[in-house]
Structure formats: C-alpha cells, structure tokens
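These notes are about the structure you will find just below.
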Number of protein chains: 4
Amino acid sequence: MSAEKPQRIGLLGTGCIGRLHAEHLANRVNGAALAAVADINLTAARDVAARFRVNSATDDYRQLLQDPSLGAVVICSSSDTHTRFIGEAAAHGKHVFCEKPIGVNRESIMEALDAVNKAGVKLQIGFNRRFDPSFAKARELIVAGKIGQPRIMRITSRDPEAPTLEYVKTCGGIFLDMTIHDFDMARFLSGSEVEEIYAVGGALVIPEIGQLGEVDTCVVTMRMQNGVLATIDNSLQSVYGYDQRVEVFGSAGMVQVGNRTPDTHVCLDNNGVHTAKPQYFFLERYQDSYLAEMQAFVDCIREDRPPLVSGKDGLAPVLIGIAARKSLVERRPVTLSC
Amino acid sequence: MSAEKPQRIGLLGTGCIGRLHAEHLANRVNGAALAAVADINLTAARDVAARFRVNSATDDYRQLLQDPSLGAVVICSSSDTHTRFIGEAAAHGKHVFCEKPIGVNRESIMEALDAVNKAGVKLQIGFNRRFDPSFAKARELIVAGKIGQPRIMRITSRDPEAPTLEYVKTCGGIFLDMTIHDFDMARFLSGSEVEEIYAVGGALVIPEIGQLGEVDTCVVTMRMQNGVLATIDNSLQSVYGYDQRVEVFGSAGMVQVGNRTPDTHVCLDNNGVHTAKPQYFFLERYQDSYLAEMQAFVDCIREDRPPLVSGKDGLAPVLIGIAARKSLVERRPVTLSC
Amino acid sequence: MSAEKPQRIGLLGTGCIGRLHAEHLANRVNGAALAAVADINLTAARDVAARFRVNSATDDYRQLLQDPSLGAVVICSSSDTHTRFIGEAAAHGKHVFCEKPIGVNRESIMEALDAVNKAGVKLQIGFNRRFDPSFAKARELIVAGKIGQPRIMRITSRDPEAPTLEYVKTCGGIFLDMTIHDFDMARFLSGSEVEEIYAVGGALVIPEIGQLGEVDTCVVTMRMQNGVLATIDNSLQSVYGYDQRVEVFGSAGMVQVGNRTPDTHVCLDNNGVHTAKPQYFFLERYQDSYLAEMQAFVDCIREDRPPLVSGKDGLAPVLIGIAARKSLVERRPVTLSC
Amino acid sequence: MSAEKPQRIGLLGTGCIGRLHAEHLANRVNGAALAAVADINLTAARDVAARFRVNSATDDYRQLLQDPSLGAVVICSSSDTHTRFIGEAAAHGKHVFCEKPIGVNRESIMEALDAVNKAGVKLQIGFNRRFDPSFAKARELIVAGKIGQPRIMRITSRDPEAPTLEYVKTCGGIFLDMTIHDFDMARFLSGSEVEEIYAVGGALVIPEIGQLGEVDTCVVTMRMQNGVLATIDNSLQSVYGYDQRVEVFGSAGMVQVGNRTPDTHVCLDNNGVHTAKPQYFFLERYQDSYLAEMQAFVDCIREDRPPLVSGKDGLAPVLIGIAARKSLVERRPVTLSC
C-alpha cells in the first residue's frame, strides 16, 4: 500500500450504477476514499453514505462540489445532467469520472469539454467494457499486430430482458442508450473513426416500441476510415442471457471474445451435451471491468497521466448514434463529418 | 440394396467439382451408376471415364444428351453454359442436377425453368450446404420452433486463399460466385425472401481487384420479408482456413453452426491453449454434403418426389446477387421485387 | 442488510490465506465483522489489523480466545496447531472455522472433535472447493439424479509450480497437503466413503523429493463403498497453469468441471486456434469459493444450522491420506476401516 | 494414380469389420484390389463378393490362401483363428493384415510371429486408432517434444451400449476385447512398455456379468518403464455415446484428444447451451482410421517398408491384458516381465 493519502472522491447519483461505484471506492479501489454522497433523493444519499461509512450526504450537488477536501467526483446521475455537472465540477477544480453517455447533443458536450480543458482537470468517461479483461486482451493482440490489418469487425450486444416501455421513452433511444457501448468498442478495437453508417431495425420484441418510432432490434453497418467493415447487432431480449461478443478479422488472423458462464460444468446425457447459459447481465459480466475502470481513474489522477477514455471518446459515440438514428429514419447510409 | 436397376447418369464437365460428383456416382451413391462422361476436353473426359470404369466418353455434350439409356445428367460445366444445357437436357427428357449458379441473368434462367416445367423432369440445384449435417440441423431446430421467431441472422463465409486475378475477371463477381451460397443459406434458414439489401465492400486483399470494379471483402445487410435482419460477411482470404459459420437468433433462443477441424487435439503449454485450424477449404468441409445432395437427387428421381433444392431456389439467389451489386455500385439500399 | 448485529470474529494466523479471509470478513461477508487479529509475529498481526480497521492485534492467541465479544474464530495458523486451537476455542465457547487439514493424526483430531461436541459450538473445515460454483453445480446435478448412479470418477489437481524443497519437507507429504482436497472432493461428489485405496507415484519433477521418500506426481485409485471407481492424479508442476478438473460418469450421463481462464479471447492464425491458459493458481481459481465458504460459516452461526463441512468431513480425508501413504510405501492396495 | 498394378488382396471373414475393409479395398484404397473373399458361411462370402464385383468367393479359406494371384490377405475371422490363419498365410507367402487381437495366448502368437519372420512377409495388426487423425496428431506432438517428458496419461474408452451376455461370455473378457485398444494406445503415446499394472473393476452395468467373474466397468493403473503413470477407465455403457479420449501430461505441457460430434450446432435457450452428443460408436468415430490403416498396409507392401503396427505391437497388449486379469483376480499390482 502506498504511503500517500487516498484521493477523496464524491459521488453524484446513487442509482444502481452509483451504488456499484460506491462499493468499489469505499472498499476496493487502492488509493481512493469515498468521502461524500449526493442524490436528489436525500434518503438514498444517506443510505449509501451509512452503508459505506461516509459522513457527508446531501441532496444538493452544489454543496458536494464546493467541498474543498474532494479531489474528484464520480457522476452517475441521469444522462441529461451529465454535461452540466461535468462543467460545474471542472469549474470547482475537481477531476471527473462521468458515466456514459457524456451528453445527448453536440453543443452541450463541447461546452463541457471546454470547461474541462480550461480547468485542466482530468475527465474519464464510463466506457467500462474497455477494461473487461477479454476486450482488453483483444485490443492488445490487435495492437501487437497478431491479426495483421483488420478488415471485418462484428459486434453483438443483446440484453437478457427488455426494459419497461417507460424506460424506452426516456432513455434517448437504442443508439444512445445501448449501441453507444458498441460504437465505442468499434473505435476502441479498430483504432479508427466511423466514415459512413447504415442502420436497419425493427420492433420485433415489443410492438408498442414501434409506435414510439423506436426499435428494439437493430443491425448497423459501418465503414471505418481505415477501411474496416463493421457490423453491430443489438436486441433488447435474449432469453439465454446477456450476449456480448466481438470478432475482429484481419489479414493475418482473427480475434474473438465470447461470453462467460457462471460455472464451467458440462453435462452429457442421452439428449446431448449441456452447459450453463452466459452470465445474466452487465453486473455479472462486467463486474471486473467496473472495478478496473475506477482504479484506472484514480491511478491517472495520482500519476498525472491522461485518462484511458477521454472526453473525445465520450463525444464520438454520441455523434455516431445521432447519425445511426438519421440513417434509420431516412433509410439510407449517412456520412459522418468528424 | 434395392433390387431396382440403378439410375444411369451422365456427367457434363469434368473439372474439380465434376470429378468429385463422378466418384460419388460411381462408388458411393446408392441406386446410381455413372454411365457417360462429356467434356469439351476429350482427354479429360476419357480420363475420368477410365478411372471410374465408364465406357462412354465424348467431347460432344449433344451425343451424351441423346443417349436413351441415361435417365439423368449432372451439369458441372462453366456457369455460362448452365441454362442452355438444362434446357436441352430437359428437352431430351433427362432429369437434371445443375451446379450453382443456375445462370447469370433472369431471362435465360426463366427459359430453362420453362423447359424443365414443360418436360416434367426434375431439376436440383447444387446448393450443397443445405445438406451439410450442421446447417441441416440448424434448419431442423428452427423449423421445430426451438429458437422461436427468428430475429437476427449472421452468416460468415471466408475463403482460405484468394483466387487468381484471371479467375476474378471471369467468375461473375463475388456476389454471384461466392455470396450466392450465403444468399441461399439466408433463404434456407429464415424460410423467407429478401425484401431489401444493402452491400458495402472493398478491395482489401488484392488492390488490383478494386481496379476491376470488384471487391474481395464485403458486408451485406438484408431485411427479410418476415422481419429477420440478416448480415453476411465475406472475404477471399482467411489465413486460418475456410470459415463457414451461421448464427440465427430468435425470440426463444439461438442456434449457431461452427467450423470443423481436421482433428480434435488440444495442446496446452506455457503460452496458452492451442487447437487445430478449421478444415482447409470446401472439399474438406463440405465432403459429406456433396455426397448427401447427390444421394438426395437420385432418391427424388427414384421415389418421384420434388427435389430439395428447386429451380426457384436456383433463381432467387441470382436475383439477390444482382441487387447486391446494384447496391454496392449505387451506394444505397435496393429493394427486391420478387 | 439485516438489522441484527454483525458476528464479531477473531483471526488466528495472518499468512497468505489468513489475509484473504481477513479481507472477506472485513469488507465482503454479510453479517460479519473482523474484530481481532492474532499472529505469533506481532508486526504481521498489527499490519493486518491496521489495513482492515481492526483495533485489537496480539501475538498471544490466548488473549484473543478470552475476548468475550468474539463469537467465532477463524484458524489459519500452521497445520500442527489446528487441533489445539480448535479445542481451546471450543472451550471458550467460540464457533470455529479451521483451515484444512484439521489435524495430522487421528488421536488429536478426535480430541478436538470431542471438545467441539462438548462445547456445542459449530466447526467448519476449510474445504473451500465445495463452494466453487462449478463443483457445487456438479454436486447439485448428481444429487438431482441427472447422471444416474455414479460409476467412474476422475479428479485432476495439478499445481502450476513446485514449492521449495523446504516446504516439501514440512508440509506433511503430498497426500495430506495437496491430495487431501481431492479426497474431500471424491467424498463430496460420490456421497460415499473410501473402501480401498491404491497409490503410485514418483519424483518426476524434483529428483531430490524422491530422496526424501516423497513423490511429486501421483495417481491414486479408490473403490468407494457405493461401487464408484475413482482416480486422482496430481502433479506439483503444470506449466500451463493450475489444473483443477473433475468428471463423474454414471448410468444416465456424465458431469464434468473444467478450468477457468483469465479471459475468453480466441485468436486464430496460420498456426492454429489459441486461447488463454487456465487461471494461474488457487487464489485466482477459488476466489469466489473462499468468500462463499466464509459467508456460509457466518450464515450457519446466525441461522443455527449445521456447517456444510463438518468435523467428520475434516477427519475422513486425513485418514484416507494416511492410507494412501501406506499404499505407496507398501506397494499394495490398502483397505480403510471407517 | 500409379502405373503399377494394384495389389490383389483376399479377405478372410465377412463380419461387420470384414465388410468395412471390403468396401475400402474395393473402392477407396489406392493401389489395391479386392480379389477374393472367404467365409465359413458361403452365402455371406458370395454376398460380399457380388457387392464389390469380386469373382472369387469360397467357404474354404485354404482355397483362398492357395490362390497365387493374391499378394496379401486381410484376416477378419474370429479371434481364436487369427494365429492359425497368420501362420498359414505366411507359409503361402502372403503379406498379412490381421484384426486385433493377434491371438489369445503367448505361445500361439509366438508361433505365428515365427512363421511371419521365416516367410519374410509383412504383418500389420489392426490397431486402427493409431491412424485416427487426432491420436496420430497427439503422438506427433509428443514425439516432437511439445509436452516435454510425459508424466501422467489418462485414457478413457466407453462403449455406447453393452453387448449381449452371449457376446461377453465368448469375447475373451473386457481386457482382451476392449481395453486391448487402450493398452496399445498407452504404448503408442508413451513410447514405453508397461512395467506394473493394477486393475479394479465391477459389474455395475449388468449384474449377470459379475456372476461370470467378469466386469463391465474398470479402472487400470499402469507404471510405464519410462516413469509415466497411466490410467485407463472403461465402461460398457455410456448413454451419451462412444467416449474415446486421451490426455498426456508432461513437463512442458499437455495434449488432449476429445470426441467428435455428428454436427457442430450449438443451441442456446432459456435452460442452457446445448450441443450434439459424441458420435455413436466406432464405425462413425474411426471411419477415417480404418481407411488410413488399410492404405498404410498396402503402401508398406508396395514400398517395401516395415508396417506401422508390428507383430510385437500385436503381442504386447495381449500380455498386458493377461496381467490385468491376474491383477483383478488377485487384487494386487502385477509386474510385467517383458
């Protein structure tokens, strides 16, 4: 253990993902201490504070941002508050970890990034999958040249169970809520930017979603600037569990990442060979990656290095998602002007 | 063994695939006898005939078609001769097995199908992959409802080594030569027709192919009439061997088909876990399916049943391939008017 | 979270496994609080106490046992102290979790079990593998009758790297140090006791081990009372990582448990298909099981249920190990008189 | 194809395995021609002859052996006739391929081997598994040093369905009928001879087998002369299909050979992940190896090379099987005096 004092960190938002980060910061991230909690629901803030032995709990995020003892904040509030909180936290000189999406339109994101630049603080976006051991290994092998020049990429993300219609109405659409992780993965693994995108989709799971002009199933094709042809397929409902796979095919080979199962048993009987379904959902599958991303955030502060997921990495997938929506609506490929 | 006399069958074309069918007809298909061989190269025809103990060899296909002792012919000649040979064989009352593609344009194919209908003979197209035990099993599970309503389909076909530029110039383009099998697979597994298609591609393996206006790598997205969203990816060069996979995702589950390896060894050492590459190419991977499709052809004659791959099944993928090419050139989705 | 007060637990021994349990008790086991630490090395005791915010640290285990606020102790000291500590802890009315082996000879173990019985406290032995999700699943499937009547069992345990000669001299021999886990697994999965045992072995890794009369590689065959024929193979050196597998074959099927890998990547290239080695060693492979066994211990105290690994479960594998040694030395099968 | 005349070969015995070899010799082995068939059942001999276009069929094996046009014979008659037929065939100057076991006692085998030596003909024993692509690959990797010095070997052979009691009574016992293949595999993969053997077993599948003094389930432990510790497990009944696996663990790694499945489908649903059972039995699993061993036999004649499975390779497993039986009966390890 380092002799250095731990980085005191404040948490904004105590929903599901906020509580997850709270536990990591309180007990498992080296060099960090969860020191303050804010939530518009004061009871929720106090609950989390009590559970992790934190003295400061508030329903006024500004109070938390003004606490001079805090070096950094972790933003887990609703998506529409992200850019505002980033801007204000930066103005108070706090380093910022912000959950995805960084924002929902280009202008407010640019403003937030300006504030971060001006303040000279660090900003890391919560694209946790980059820290998943398997995706990180795939990236490592690609960068090391093991598959040569990438040519084709296939990304699959399917959720185990569709959310409520209520959630669908407010989440910003499948591309900004779900596919955004896959857009990030495409950039992460190809090391390139999207040039052109084409999206098709349908309301195959929940017909009512179609009446909202939304889709619950989609296939996206992207041409990357370096020539890679990439596809993403998404579904809001996969009965066999969370399905998170990637495959990158290149001139010298291919790397694939598969799912994990809760156990490794194999059962053979008269009907066939049977094994466990993939892990249920993101809390199980990405457990390690959530811890690793937070450790990386704390480490980049302590060692004064650039964060591994930058503000630009936060912006790009939002723009891709907006283009995907345009393609879906206009039924034609859309060029990105990055 | 049946007491019935074997079906006497004539072979047109003794290239690689023609010789394969010859061996099966001569030694391994029950109820069939290879009885005559024709090839524009007389030496080649005689060679094959001698090897399989066949008395009749000619360089004039008309002579073979006029042999009244033959009940059926197997057409393995060059693609541009297929519709003509089908039409003439039908006119002579022969049942016809024809290699893919059935033809290269709609008009000549329609003429050939008319001739077949008029003559009341059977016509089976060589989409052998339908007879591969794994793809057939996938279809069986889908038809049995094991995955519920199909929603997303992914098809991968990658060849181990790019052909010569000469071949590329004459083969009719990637969509009619290679992807045509995948178009057939999409119809076979989804049980539906293509409604709209979008194709992107590049000359990532052999730049010279690009100068011919051709691609060696492509990704195709199709919306099927029953709502399934399907993607196909193709590459002319896969260093780890022939890659032939399919995945169909539905409301109640998913079925996948993977590659086979020449052996089942697993070697673990200090560097990792190592197994064999997939089988090298189509002759290895589809060995069983070539035998099974020919047995099915002979059986449908003897039992007077409709062939499992019809003339319509031959036509549809050609039209899809032509639409794919149009999409690639015009850079937009193309609707099929079936 | 329960409203009940957490169970206050004292730790005896702060070696590698002691520190692991300390972290779990301090941060991750529900309903428990690490409240005191003892180690003959006072600095080590203080270190662990400081790291986990524990006020009480001592080099006198008796002081810890006399602390009336403690409801239970976790014994992680050297094997030769286990039975003494169990006896004294029981006499002080503490529930006891004790690392394996419970002891090194039958007499002292019987005395400790008597003390436990007399005091009416709970005793759980640290056969953590029973709590591994995969082995637990195998047991669940067997008990549910999925493989019918078990007939053949195969257990493989191989360590990644041989320990020092010094360790080998003091660890009590391979059967009591390493195979003991496999003896427990055989009982756990077969639900039966060993009737006869036959052991062969050699010093194939480290010749010097042979000069000590010890072996580093062994194969053990056991006939269980219910007719199951079981084999165990062990090696002190597996270059591809920790190898922990089990297979139980029965009248209606078979269940197997395999290794886990640090990630799920698959890399295909010109040489073959490559994946990650199994996890390095027990701290990685059994991470979850160590937490689960401690949670189960705390739960059985709070809910007043019998521990899932009893004192008898601690004794039996020691007796099997002693018989295995006898078989190895006398080169003949040895009958157990349980 | 070679210009050389094909080797004319006579078949002795037209049971299941005899008909398999007949088809290979008639249609698929290069450089060979099936030229005569003998069986004590004349109808059976004529049947096979007719099916494969062979003119000579007899119920008198001596007539076949006297045919001067035959260069070699393939012996597929009942086990108790093997050594006699080998001896007489050799005396007539025929090369001999003989199914396993070469014989049932040491004396008659030695006599047959003497006759072969005296006549200078080639003798190959039907240990077909050596020609299975996966086992051959395992051997290749071991010989190439990929796993270093072998230390532990595990062999599993389990039949899908128990034979009739009648068969059990006459087959010579499990060790000479079934385990004999595994004894050969142990020698093949370890490159060493058995030094000591210990066998346990039970009548767990068919109690009546026990009353015959036989077992249907067994576990055999062998110490090889080079220090390898090997185990074999056998069962006459495996509900999930034919189970044929091997694993060789060494100082630098491990090689495993697994089963094959009829297809490669994977089906995921709400209950788990499901794949096909292993291939049903030896005709499916070892199809390729039967063809390869016969090709190797013909090639070794034509190229005048020693056969890949020698007379000594035929003798050794018989002696091991006799020792295994002795161990089972006397309940103690038995030393082999090779």
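Results, tabulated for the structure shown:
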{"read-out": "Cβ-Cβ under 6 Å pairs, at least 6 apart or on other chains, region B:119-146 side touching a residue at least 24 places away in the same chain (Cβ under 8 Å) and closer than 17 Å to B:P307 by Cα, far side β-branched (V, I, T) and part of a strand (DSSP E or B)", "value": "B:L123/B:V96"}
{"read-out": "Which listed residue is more than 8 Å from every other protein chain (Cβ to nearest Cβ) and among the β-branched types (V, I, T), from A:I147, A:I125", "value": "A:I125"}
{"read-out": "Test: residue in region A:199-222 that is within 21 Å of B:D216 (Cα to Cα) and either polar (S, T, N, Q) or at pLDDT below 95 (or both)", "value": "yes"}
{"read-out": "Some residue of region B:257-272 being buried (at least 21 other Cβ atoms within 10 Å of the Cβ), hydrophobic (A, V, I, L, M, F, W, C) and over 30 Å from C:D159 (Cβ atoms)", "value": "yes"}
{"read-out": "Out of D:V266, D:V273, D:V255, sole residue that is modelled with pLDDT of 95 or more and touching a helix residue (DSSP H, G or I) at 6+ places or on another chain (Cβ under 8 Å)", "value": "D:V255"}
{"read-out": "Top-ranked residue of region D:218-241 - restricted to ones that are open to solvent by less than 10 Å² (accessible area, probe 1.4 Å) and within 14 Å of chain A (Cβ to nearest Cβ), ranked as nearest to the chain's Cα centre (by Cα)", "value": "D:S235"}
{"read-out": "Some residue of region A:63-70 being at pLDDT 95 or above, touching a helix residue (DSSP H, G or I) at 6+ places or on another chain (Cβ under 6 Å) and farther than 15 Å from A:R8 by Cβ", "value": "no"}
{"read-out": "Test result for D:A316, among the small types (G, A, S) and more than 10 Å from chain B (Cβ to nearest Cβ)", "value": "yes"}
{"read-out": "Hits in region A:151-169 - residues which are within 12 Å of chain B (Cβ to nearest Cβ) and either open to solvent by less than 10 Å² (accessible area, probe 1.4 Å) or assigned to a loop (DSSP other than H, G, I, E, B) (or both)", "value": "A:I152, A:M153, A:I155, A:T156, A:S157, A:R158, A:A162"}
{"read-out": "Single residue of region B:280-324 satisfying the filter (basic (K, R) and over 24 Å from B:R245 (Cβ atoms)) that is surrounded by the most Cβ atoms within 10 Å (Cβ to Cβ)", "value": "B:R302"}
{"read-out": "Count of region D:278-305 residues which are out of contact with any Pro (no Cβ under 8 Å at 6 or more places or on another chain) and among the charged types (D, E, K, R)", "value": "6"}
{"read-out": "Matching entry among A:G148, A:G87 (being on the phi > 0 side of the Ramachandran plot and either open to solvent by less than 30 Å² (accessible area, probe 1.4 Å) or part of a helix (DSSP H, G or I) (or both))", "value": "A:G148"}
{"read-out": "Selected residue [under 22 Å from C:E195 (Cα atoms), of a type outside the set (G, A, S) and touching a residue at least 24 places away in the same chain (Cβ under 8 Å)] from D:D216, D:D182", "value": "D:D216"}
{"read-out": "Lone unmet requirement of (1) at pLDDT 95 or above; (2) over 22 Å from C:I301 (Cα atoms); (3) surrounded by fewer than 24 Cβ atoms within 10 Å (Cβ to Cβ) for C:V104", "value": "(1)"}
{"read-out": "Scan of region A:250-273 for residues that are within 7 Å of chain C (Cβ to nearest Cβ), β-branched (V, I, T) and under 16 Å from B:G258 (Cα atoms), ordered by number", "value": "A:V255, A:V257"}
{"read-out": "Which numbered condition C:S69 fails, given (1) open to solvent by less than 30 Å² (accessible area, probe 1.4 Å); (2) outside any helix (DSSP H, G or I)", "value": "(1)"}
{"read-out": "Region C:112-139, residues that are open to solvent by less than 40 Å² (accessible area, probe 1.4 Å) and in a helix (DSSP H, G or I)", "value": "C:A112, C:L113, C:A115, C:V116, C:N128, C:R129, C:R130, C:F131, C:S134, C:F135, C:A136, C:A138"}
{"read-out": "Candidate set from region D:325-338 (those that are away from chain C (no Cβ under 14 Å) and touching a strand residue (DSSP E or B) at 6+ places or on another chain (Cβ under 6 Å)); member that is surrounded by the most Cβ atoms within 10 Å (Cβ to Cβ)", "value": "D:L336"}
{"read-out": "Qualifying residue in region A:201-214 (condition: within 14 Å of chain C (Cβ to nearest Cβ), within 28 Å of A:E99 (Cβ to Cβ) and crowded, with 22+ Cβ neighbours inside 10 Å)", "value": "no"}
{"read-out": "Spans of strands (runs of 3 or more DSSP E) in region B:250-338 with at least 1 residues under 28 Å from A:T221 (Cα atoms)", "value": "B:253-257"}
{"read-out": "All positions within region A:205-236 that are acidic (D, E) and assigned to a loop (DSSP other than H, G, I, E, B)", "value": "A:E214, A:D216"}
{"read-out": "Subset of region A:30-67 [of a type in the set (S, T, N, Q) and either free of Cβ contacts under 8 Å to residues at least 60 places away in the same chain or touching a Pro at 6+ places or on another chain (Cβ under 6 Å) (or both)]", "value": "A:N41, A:T43, A:N55, A:S56, A:T58, A:Q63, A:Q66"}
{"read-out": "Failed condition for A:K277, given (1) of a type in the set (K, R); (2) touching a residue at least 24 places away in the same chain (Cβ under 8 Å); (3) surrounded by fewer than 20 Cβ atoms within 10 Å (Cβ to Cβ)", "value": "(3)"}
{"read-out": "Filtered residues of region C:194-204 (kept if out of contact with any helix residue (DSSP H, G or I) (no Cβ under 6 Å at 6 or more places or on another chain) and outside any strand (DSSP E or B))", "value": "C:L204"}
{"read-out": "The one condition in (1) under 30 Å from D:E140 (Cα atoms); (2) part of a helix (DSSP H, G or I); (3) among the hydrophobic types (A, V, I, L, M, F, W, C) that B:V239 fails to fulfil", "value": "(2)"}
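Table: residues versus (1) open to solvent by less than 30 Å² (accessible area, probe 1.4 Å); (2) among the aliphatic types (A, V, I, L, M); (3) closer than 16 Å to A:K94 by Cβ.
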position: A:K5; (1), (2), (3): no, no, no
position: A:G13; (1), (2), (3): yes, no, yes
position: A:G18; (1), (2), (3): yes, no, no
position: A:H21; (1), (2), (3): yes, no, yes
position: A:N30; (1), (2), (3): no, no, no
position: A:T43; (1), (2), (3): no, no, no
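Let's see how each residue does on (1) closer than 30 Å to C:P333 by Cβ; (2) among the hydrophobic types (A, V, I, L, M, F, W, C):
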position	(1), (2)
C:V215	yes, yes
C:T231	yes, no
C:A276	no, yes
C:F297	no, yes
C:K312	yes, no
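Residue-by-condition table, conditions (1) modelled with pLDDT under 95; (2) open to solvent by 20 Å² or more (accessible area, probe 1.4 Å); (3) assigned to a helix (DSSP H, G or I); (4) among the polar types (S, T, N, Q):
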position: B:N27; (1), (2), (3), (4): yes, yes, yes, yes
position: B:A57; (1), (2), (3), (4): no, yes, no, no
position: B:T83; (1), (2), (3), (4): no, yes, yes, yes
position: B:M110; (1), (2), (3), (4): no, yes, yes, no
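The values are calculated or read from the model by the stated rules, or taken from the named source; none is laboratory data. Because the structure is a prediction, the values reported are computed rather than measured. Every residue, glycine among them, receives a Cβ derived from its backbone with ideal geometry; neighbour counts consider all protein chains shown. Side chains included, ligands, DNA and RNA excluded: accessible areas come from the protein's heavy atoms. Shrake-Rupley method; radii C 1.70, N 1.55, O 1.52, S 1.80 Å.
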